[in-house]
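What follows is a short report on a single structure.
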Amino acid sequence: MSGQDFGPSAAAADLERRDVLAGGLVGGIGILATLPAGEAEAAAVAVRGETSSRLSVTINQAPHDVDIDNRVSLLDLLRERLGLFGTKKGCDHGQCGACTVHIDGRRVASCLTPAVQTSGRSITTIEGIAQGDKLHPMQAAFIEHDALQCGYCTPGQIMAAIACVGEGHATSPDHIREYMSGNICRCGAYANIVAAILSAAPKMERE
Amino acid sequence: MMQPFSYFRPTSLAEAVNSAARVQNARFIGGGTTLFDLMKLDIEVPTTLIDVTAIPGLTGIEAETHQLIIGALARMSDVAAHPIVRDQYPALSESLWKAASQQLRNMATVGGNLLQRTRCPYFRGGEPYRCNKRAPGSGCSAKDGIDRGLALFGGSDACIANYPGDWAIALLAFDAEVEVVGLGGVRRIRVEDLHREPGTTPHIETVLRPGDFISRILVPTTKSARASTYHKIRDRESYAFALTSAAVGVEMDGKRFGDIRIALGGVGAKPIRARAAEALLKGQPYSREIALQAGEAAFSGVRTSPHNAFRVPLGIQTVADAIDIAVKRA
């Protein structure tokens, strides 16, 4: 990302271009009228006030087209609309990590992600990481190291842990503890979770 | 119950700014980690969300000779891990990776982060608590309540909520500015001037106007940024808001302090620059004693309550420890 898509004065340049279109930006009321047709139409959608959207999203490599209320979180889309119950709702406020999924390979809190923002993106949930009957190395390591008790936080822990390894943050127990701190385990299985991640990391890198 | 809202994803800055200024009670949304959270609590009730993440050209990081330029739509995790930020501005990197969790840092933008709202439990708690920030004129339940984590500096009779962020504290220490695009054009605002003290209008938190969009963050190049740290003390070691924090950068002239920057986090109604502490150190030789004196200067005259008084000695120690860390890096 180092400067690739970043003009030295991208914002100013964008405004200057509009400036020309609008005939001067100072006090630039009515610029909307001068926007290209497509943009003006899009802006009008907001003003018109549609409160639902058509969403096209890829989930575990399968395409989905759904009409959603704009208020729906990605977590509720997965669980309530698509029947993917693996992703768990803990706090619903981004504080516990139980809802962790990957969007375009990066871990996020699905409870704080408006589903409408994920159009065109690729989402991976706990249901999408095994290959047929073969568990993901992180799933196998969680079983081997008894890294759970009640299991409610486990899908979020595993999705966070896979990302933690992929980011290069699973190089020591301290590092793992810091970069897994967004996933709370009420049963306190932390020691075994750290052990599972340490053991899965080299296996993931081999695969 | 979250109120229905329309959603719109413009692909240019002009379109975003125009729409935001025209539509009543519209909000920009980037990562949504604050906004969507507060919408679930019915504290933010926008009629329209303008998703700014498709605006091109605002996710990069560029090091020029005299300044570092960070696109406002860059995600916290990416800026924290960027080699130039990590190596040449460690306080900036640390302020980001010591905030939130990696999941939230992957979502949240560095522009939106500056505008995150307070974690005051009476603000977030909704009814029956009174809150002049959430419901202007209703009063402040925090003043007679559990103010353990709230502001030690800059509060008013109307509000003692603290500014919760870390990133703004580190930016403030190094005289950063934000580039703001609005209906009137492009202007720059010092991070120091961006946030307002609550006074009698705690619901007005920044100097931004409707439609204003933070497009870039500009950090002047200084030697003190290289020898810097963001030292953050929390109730637990990770994934918590600051009880006290200090962003410190130093340029040493031999054993004596040359340029020195100190800003305080977690303790103010807005980000705080500790200029008295900076002045006390300037030109003096380093010692642990003088670092503690600087901490005391930073917290002199502060008003406390039985719940939050412990954060004064903690804050003094935090400043002194941050100075020690920065001096070791010089």
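Taking every alpha-carbon pair under 8 Å whose residues sit at least 6 apart, the range B:1-55 reaches a relative contact order of 57 percent.
Against the globular-protein guess of 2.2 N^0.38 Å, express the Cα radius of gyration of the range A:137-206 as a ratio, rounded to two decimals.
Values: Rg = 10.5 Å, N = 70, 2.2 N^0.38 = 11.1 Å.
Working it through for the range A:137-206, the quotient is 0.95.
Dividing the radius of gyration of the alpha carbons in the range A:37-128 by their Kirkwood radius gives 1.02 for Rg/Rh. Rounded to whole numbers, the Karplus 3J(HN,Hα) couplings from phi for the range B:14-28 are 4, 5, 5, 5, 4, 5, 5, 6, 8, 8, 4, 6, 8, 10, 6 Hz, using 6.51 cos²θ - 1.76 cosθ + 1.60 with θ = phi - 60°, and x at Gly and Pro.
Please compute the Kirkwood hydrodynamic radius over the range B:223-329, one decimal place, Å, based on all pairs of different Cα atoms. Walk me through the numbers before you get to the answer.
Details: mean 1/r = 0.0732 Å⁻¹.
Every distinct Cα pair counted, the radius reaches 13.7 Å.
Looking at the range B:126-183, the accessible area is 34 square angstrom per residue; that uses a 1.4 Å probe and ignores ligands, DNA and RNA.
Placing +1 on each Lys and Arg Cβ and -1 on each Asp and Glu Cβ, with no other charges, gives the range B:223-329 a dipole about its Cα centre of roughly 240 debye.
Report Rg/Rh for the protein assembly as shown, rounded to two decimals, where Rg is the Cα radius of gyration and Rh the Kirkwood radius. Could you put the intermediate results ahead of the total?
Details: Rg = 23.4 Å, Rh = 24.3 Å.
Answer for the protein assembly as shown: 0.97.
Mean per-residue shielding of peptide A:107-120 is 6, counting Cβ atoms of other chains within 10 Å of each Cβ.
Let me know the whole percent of all Cα-Cα pairs from the range B:280-330 that are separated by more than 14 Å. The partial results should precede the final answer.
Working: 669 of 1275 pairs.
Cα-Cα pairs of the range B:280-330 separated by over 14 Å account for 52 percent.
Counting, for every residue in B:17-23, the Cβ atoms of other protein chains within 10 Å of its Cβ and taking the mean gives 6.
Give the B-A buried accessible area in Å², both sides summed, 1.4 Å probe, nearest 100.
Details: alone 14610 and 12180 Å², together 21800 Å².
Rounded to the nearest hundred, the buried surface is 5000 Å².
For B:THR206, the residues whose modelled amide H falls within less than 5 Å of its own, excluding neighbours fewer than 5 places apart on the same chain, are B:ARG196.
Dividing the alpha-carbon radius of gyration of the range B:1-55 by the rule-of-thumb value 2.2 N^0.38 Å gives 1.08. Relative to one another, the C-alpha centroids of the range B:306-330 and the range B:105-141 are positioned 26 Å apart. Toward the positive end of the charge dipole of the range B:223-329, with +1 on the Cβ of Lys and Arg and -1 on the Cβ of Asp and Glu, the farthest Cα among B:ALA291, B:PRO313, B:ALA274 is that of B:ALA274. Within the set A:LYS89/B:LYS40; A:LYS89/B:LYS232; B:LYS223/B:LYS270; A:LYS89/B:LYS133, which residue pairs have Cα atoms separated by over 18 Å? The answer is A:LYS89/B:LYS232; B:LYS223/B:LYS270; A:LYS89/B:LYS133.
Across the range B:20-89, counting alpha-carbon atoms alone, Rg and Dmax equal 15.5, 45 Å.
Within the accessible surface of the protein assembly as shown, defined with a 1.4 Å probe on protein heavy atoms only, the carbon and sulfur portion equals 52 percent.
Where a ≥ b ≥ c are the square roots of the eigenvalues of the C-alpha gyration tensor, would you call chain B rounded, which needs a/c under 1.5, or, failing that, prolate if a/b is larger than b/c, or oblate? In terms of gyration-tensor shape, oblate. Across peptide B:103-113, the average count of Cβ atoms from other chains found within 10 Å of a residue's Cβ is 5. The HN-Hα couplings worked out from phi for the range A:180-194 by the Karplus form 6.51 cos²θ - 1.76 cosθ + 1.60 (θ = phi - 60°) are 10, 6, x, 10, 8, 10, 5, 7, x, 8, 4, 4, 6, 5, 4 Hz, whole numbers, x standing for Gly and Pro. For the range A:163-207, trypsin sites (Lys or Arg not before Pro) are listed when DSSP marks them as loop and at most 14 other Cβ atoms sit within 10 Å of their Cβ; the list is A:ARG186. Highest-first packing order for the peptide set A:69-79, B:234-244 is A:69-79, B:234-244, based on the mean count of other beta carbon atoms within 10 Å.
The values are calculated or read from the model by the stated rules, or taken from the named source; none is laboratory data. As the structure is a prediction and not an experimental result, all values here were calculated from the model. Please note: Cβ atoms are built from the backbone with ideal geometry, for glycine as well, and neighbour counts cover all protein chains shown. Just the protein is used for accessible areas: all its heavy atoms, side chains included, with ligands, DNA and RNA removed. Shrake-Rupley method; radii C 1.70, N 1.55, O 1.52, S 1.80 Å.
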